[in-house]
């Protein structure tokens, strides 16, 4: 095997793992391998995947974004408040996503201009934004939007079959993959994550790259918030807590290096699907939710250990 | 202590790195180990110091066959290695580093008084009593840190020291101190293996020299009975022609004009001009502010005073992006930390600076990019099987050529070079000199900082000398001597 073939095989690891787990579940449960169930899994996965796409860029930079769940919550309650105040639902949604982007931009500013470590900066904004979500909503869920259009965004189906969140997920997957693989921006993300100093000395505007990446991460979190709020017909100030860890798990399972500079969006999609398939399969098999957590943790650990040993 | 390595072989997977290599050194001898990058020097020394195990061959110490299976065993045999990247823990104090892993203690509590006493004694024995045992190791100069490493090795009763490029980061004065110490150790019967690319130093300090090429032993010579040319021939296995290829083109009009340049703290009152096709060498001691001049010109360090004109137009110099747009290029001193993104491919590194050139609306055209990279690989003779290989798999010289490629994708007007041949072997150096000459011939104005005086003198048209942030000399290379440059660099002369 040439080094290149080996590298390709290595990169396909998450995909292979997904196939193996799916085959296993298909054998164990007759309900797993049905079109309805698979689409259901993808719908469940979509929220995590949307966040994880943004998180992939952040982690490629060698950063981390802990505030995604709080951004999701704050933009959700903001959108809900706007709609109930009589705004056009689509305009409110757009404003919410832009707002999420601005929250991300704030993270980026603190990190690039304030030179604060991403972990600390986003830990702080996670707390601040969660607090603001509680303030805006008065601490209780905002329910009932009375808009068919808005409930389509997260709850609708294309051709009565494919859930709209899955469509969002696939569109965003395509966009992000293109962005990373084909554009100057994407190359600069890899370069900055791989060696910030060398990138800066090569004329890459690393501060701008960071601002854009955290902004994108914020906007993607808000988009996930739109899907969630629309589906539940309710915006909850406590929504999304712990989502940052699911997103990080998907990114890491996908083979993206936490030290930056190495990784890809396809892996993240596979990672998110793997987590979703495990959840779904274990539910179908009637495994208790306590054990489900244990199994999920073990799978993540195993995947990363295998990944490591392959790199030696 | 006499060490004899015989018939040492080593392979990593299918790659044979060493084939039946012999190497012998006696106590009281300083023995240079030379060879181009990839010749197998480090592997041989790692086998001797227990990092790797050889696949075949034998090691004898004072006639007794030994098996060295681990670094611990090597230490027990009295073999210590002083790495190029010093291995002190910067946050710990000097004495804590000296006694790391064998701290004097009573019931698990460290006996600091004893530690301080013994540390002082050990440092004093090396003539390094100016080092405070309680100082934080990371705050010492590189030269002092090296002293601490040597003290640490000797404290463990090392009888054979392996020094890997020990002078790469030292000032002239520190090098003198180090050589003095090496002479003293030699007199005490310590054997020293000296791995370096710097020929002048080897001929100054070493007794014998062994040369490796492509994993094979080429020969051993007594320094007094050989010369540069023979050693270079042994290393590259062919005549490389002139060590410094000649440049014929005459300089044209003034391209870069610098007047009264100063940054916030390192340099002041720097004025010079460089013509198209001219190489201006910048000499001076480590820390004199040579690199800072380049960084200020490139918009990395803030300019506090002075004017910079490029082809008669004033430059703003507020960011690398602006400098690049104006036509400046900067080959930095440390290619691993500043020059290359090691995890990226040769292609991605080569197009990092001018990527937008191959893109439309921010989308990169694969075909345009690949074509440009193929052209650069050809032009600079970068030896790589595939442009998609990670750049870190290349040899030092070829990595450095990738750094050049990064800047040459679009020909610059001014090229700033900071130690362009550091860590590059003899053959690679000659090729880089060729590249510099080609660029000069094409009308690029070149400013070259280098610590290797022979390089500065041979490659430059004129030489600017910096001492403690100010210029103390500006020589025509043809009439400059090593002595006149060193006098200006140490501030003992007032030329210019």
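The stretch B:111-134 to the stretch B:182-233: how many Å between their Cα centroids?
Cα centroid of the stretch B:111-134 versus Cα centroid of the stretch B:182-233: 32 Å apart.
Please arrange B:285, A:50, B:212 by how many other C-beta atoms lie within 10 Å of their C-beta, fewest to most.
Fewest to most other Cβ atoms nearby, the residues stand as B:285, B:212, A:50.
Using Cα pairs closer than 8 Å and at least 6 residues apart in sequence, work out the relative contact order for chain B, in percent.
Answer for chain B is 15 percent.
What's the FRET efficiency of residue B:484 with residue B:200 using the Cβ-Cβ distance as r and R₀ = 25 Å, to the nearest 0.05?
On the way: r = 17 Å, r/R0 = 0.69.
Computed FRET efficiency for residue B:484 and residue B:200: 0.90.
Using only the alpha-carbon atoms, how far is helix B:396-408 inclined from the longest principal axis of chain B? Give it as 0 to 90 degrees, nearest 10.
20 degrees
Taking every DSSP beta bridge that has both residues in the protein assembly as shown, what percent is antiparallel when rounded to the nearest 5?
Rounded to the nearest five, the antiparallel share is 60 percent.
Round to a whole angstrom and tell me the spacing of the C-alpha centers of the stretch B:273-309 and the stretch B:48-73.
49 Å
Give me the angle, in degrees from 0 to 90, between the Cα long axis of helix B:172-187 and the longest principal axis of the Cα atoms of chain B, rounded to the nearest 10.
20 degrees
Averaged across the residues of B:331-337, what count of C-beta atoms belonging to other chains lies within 10 Å of each residue's C-beta? Working shown, then result.
Working: counts 1, 4, 0, 2, 1, 2, 4.
The mean count of partner-chain Cβ atoms within 10 Å per residue comes to 2.
Quick one: give the max-minus-min coordinate of the C-alpha atoms of chain B along each principal axis, largest first, in Å.
69, 50, 49
How many partner chain Cβ atoms sit within 10 Å of a residue's Cβ in peptide B:116-122, on average, as a whole number?
Averaged over the peptide's residues, the number is 0.
Spin-label point model (7 Å from Cα, Cβ direction): what's the residue B:311 to residue A:115 distance in nm?
Placing both labels 7 Å beyond Cα along the Cβ direction yields 3.6 nm.
Please pull out the direction-averaged projected area of the protein assembly as shown, using the convex hull of its alpha-carbon atoms, in nm² to one decimal place.
Convex hull of Cα atoms, orientation-averaged projection: 41.3 nm².
When Cβ neighbours within 10 Å are restricted to other protein chains, what is their mean count per residue of peptide A:187-198?
Taking the mean over all residues of the peptide, I get 6.
With an 8 Å cut-off on Cα pairs and a minimum separation of 6 or more residues, tell me the relative contact order of the stretch B:254-489 in percent. If you can, show how the numbers build up before the last one.
On the way: 462 pairs, mean separation 68.9, N = 236.
The normalised contact order for the stretch B:254-489 reaches 29 percent.
Compute the separation of the alpha-carbon centres of the stretch B:328-376 and the stretch A:123-144 and state it in Å as a whole number.
Their Cα centres are 45 Å away from one another.
In percent, how large is the relative contact order of the stretch B:89-181, given Cα pairs closer than 8 Å and 6 or more residues apart?
Once normalised by length, the contact order is 32 percent.
Shape call for the stretch A:177-227 from the C-alpha gyration tensor, a ≥ b ≥ c root eigenvalues: rounded (a/c under 1.5), prolate (a/b greater than b/c) or oblate? Could you put the intermediate results ahead of the total?
Numbers: a/c = 3.33, a/b = 2.01, b/c = 1.66.
Here the stretch A:177-227 falls in the prolate category.
Mind checking which of A:219, A:73, A:124 has the largest fluctuation in a GNM of chain A, springs on alpha carbons under 10 Å?
A:124
Sort B:43, B:492, A:127 so that the residue with the fewest other Cβ atoms within 10 Å of its own Cβ comes first and the one with the most comes last.
The most exposed by this proxy come first: B:492, A:127, B:43.
Relative to the longest principal axis of the C-alpha atoms of chain B, give the angle of the C-alpha long axis of helix B:426-441, reported between 0 and 90° and rounded to the nearest 10°.
Once rounded, one gets 10 degrees.
Rounded, prolate or oblate: pick one for chain A, where a ≥ b ≥ c are the square roots of the eigenvalues of its C-alpha gyration tensor, a/c under 1.5 means rounded, and failing that, prolate if a/b is larger than b/c, else oblate. Each step should come with its number before you reach the end.
Values: a/c = 1.75, a/b = 1.07, b/c = 1.64.
It comes out oblate by the Cα gyration axes.
At a temperature of 4 °C and a viscosity of 1.567 mPa s, determine how fast the stretch B:248-298 diffuses translationally according to Stokes-Einstein, using the Kirkwood radius over alpha-carbon pairs as Rh; express D in µm²/s, rounded to the nearest whole number. Let's see the in-between values first.
On the way: Rh = 12.0 Å.
Estimated via Stokes-Einstein, D reaches 108 µm²/s.
So for the stretch B:3-236: antiparallel DSSP bridges make up what percent, rounded to the nearest 5? Kindly include the intermediate steps, with their values, before the conclusion.
Values: 24 of 41 bridges.
Close to 60 percent.
Quote the FRET efficiency, to the nearest 0.05, computed for residue B:361 versus residue A:152 with a Förster distance R0 of 41 Å and r equal to the Cβ-Cβ distance.
So the FRET efficiency works out to roughly 0.80.
Sorted from fewest to most neighbouring beta carbons within 10 Å, what does the list A:262, B:255, B:225, A:130 look like?
Final ranking by Cβ density, sparse to dense: B:225, A:262, A:130, B:255.
Sum -39500 (n - 2.57) across every DSSP H segment of at least 4 residues in chain B, then divide by the residue count to get the 222 nm mean residue ellipticity, nearest 500.
-9500 deg cm²/dmol
According to the square roots a ≥ b ≥ c of the eigenvalues of the Cα gyration tensor, what is the shape class of the stretch B:345-385, taking rounded for a/c under 1.5, prolate for a/b larger than b/c otherwise, and oblate for the remainder?
prolate
Helix-only mean residue ellipticity at 222 nm, chain A, DSSP H runs n ≥ 4 weighted -39,500 (n - 2.57), per residue, nearest 500. What is it?
-25500 deg cm²/dmol
The numbers here are math on the coordinates, done by the rules we state, and not lab data. Just so we're clear, the structure is a prediction, and the values are computed from it rather than from any experiment. Here Cβ is always computed from backbone atoms with ideal geometry, including for glycine, and neighbour counts include all displayed protein chains.
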